[in-house]
Amino acid sequence: MTEPIKGRCFCGAVRFQFSEAPVAVRACWCRDCQYLATGNASINAIFKTASLSLSGEVAEYVSTANSGNTMRRRFCPKCGTPLFSHSSSRHEVMVVRVGALEDREIGGPASYIWTASAPSWGHIDPELPNCAGQPGPVPLK
Ligand SMILES: [Zn+2]
Ligand SMILES: [Zn+2]
């Protein structure tokens with residue numbers, strides 16, 4: 001196993017690490033993510049939930065995603081940095097906002113999802129697989 005993958009919120013009140021590498025990294029152009037990512041797609045690394053260690057308090061916002069799943073989004077209550085989201089459809093994995101990772105180089109997206117809701121100027125890498133809506137579940141390695 002490699003070094004843990006560390007991250008934190010903008011103000012540093014929340015710190016976390018994962019003991020395993022992400023199972024997938026992708027860019028999401030869903031409408032919800034455009035609010036959270038200030039107009040852009042969000043860049044998300046998907047980690048096994050069991051490999052997380054977390055310190056500091058996180059606040060939570062619960063909503064229904066375009067997919068119909070219940071999403072629990074967790075963020076720093078002090079500085080508001082979006083950190084994690086969990087879908088009701090899949091508890092064994094969690095989505096982590098790549099901007100919060102110390103090493104953002106691991107966050108190069110391997111696919112684009114929800115591309116149908118991207119604005120006309122939204123970047124979608126034509127070399128990478130993309131999905132107009134919600135893709136199938138990420139296979140666990
Ligand atoms: Zn913070
Ligand atoms: Zn999204």
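The values are calculated or read from the model by the stated rules, or taken from the named source; none is laboratory data. Only a predicted model underlies this, so the values are computations on that prediction, with no experimental measurement involved. For neighbour counting, all protein chains shown are included, and Cβ atoms are generated from backbone atoms with ideal geometry for every residue, glycine included. The accessibility values were calculated without ligands, DNA or RNA, using every heavy atom of the protein model including side chains. Shrake-Rupley method; radii C 1.70, N 1.55, O 1.52, S 1.80 Å.
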TODO: Return the residue satisfying two criteria in turn: it lies in segment 98-134 and is of a type in the set (D, E, K, R) and out of contact with any helix residue (DSSP H, G or I) (no Cβ under 8 Å at 6 or more places or on another chain), and of such residues it is surrounded by the fewest Cβ atoms within 10 Å (Cβ to Cβ).
DONE: Glu127
Open item on the list: Need a quick list: strands (runs of 3 or more DSSP E) entirely within segment 1-119 having at least 1 residues that are within 16 Å of ligand 1 (Cβ to nearest atom).
Closed with: 5-8, 15-18, 52-55, 59-64, 70-75, 82-87, 90-97
Open item on the list: Taking the conditions exactly as written (under 19 Å from Leu140 (Cα atoms) and touching a residue at least 12 places away in the same chain (Cβ under 8 Å)), does Val23 satisfy them or not?
Closed with: yes
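Okay, residues lined up against (1) surrounded by fewer than 16 Cβ atoms within 10 Å (Cβ to Cβ); (2) touching a Phe, Trp or Tyr at 6+ places or on another chain (Cβ under 6 Å):
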position	(1), (2)
Gly12	yes, no
Phe16	no, no
Glu20	yes, no
Val25	no, no
Ile46	no, no
Ala50	yes, no
Leu54	yes, yes
Glu57	yes, no
Val62	yes, no
Task: Pairs, first closer than 16 Å to Gly99 by Cβ in segment 55-84, second open to solvent by 50 Å² or more (accessible area, probe 1.4 Å) and of a type outside the set (A, V, I, L, M, F, W, C), C-beta under 7 Å, six or more apart - done: Arg73/Glu60; Arg73/Tyr61; Arg74/Glu60
Open item on the list: What's the total number of residues in segment 4-55 that are β-branched (Val, Ile, Thr) and touching a helix residue (DSSP H, G or I) at 6+ places or on another chain (Cβ under 8 Å)?
Closed with: 3
Task: Whichever residue in segment 65-79 is closer than 17 Å to Asn44 by Cα and small (Gly, Ala, Ser) and, among such residues, is surrounded by the fewest Cβ atoms within 10 Å (Cβ to Cβ) - done: Ser67
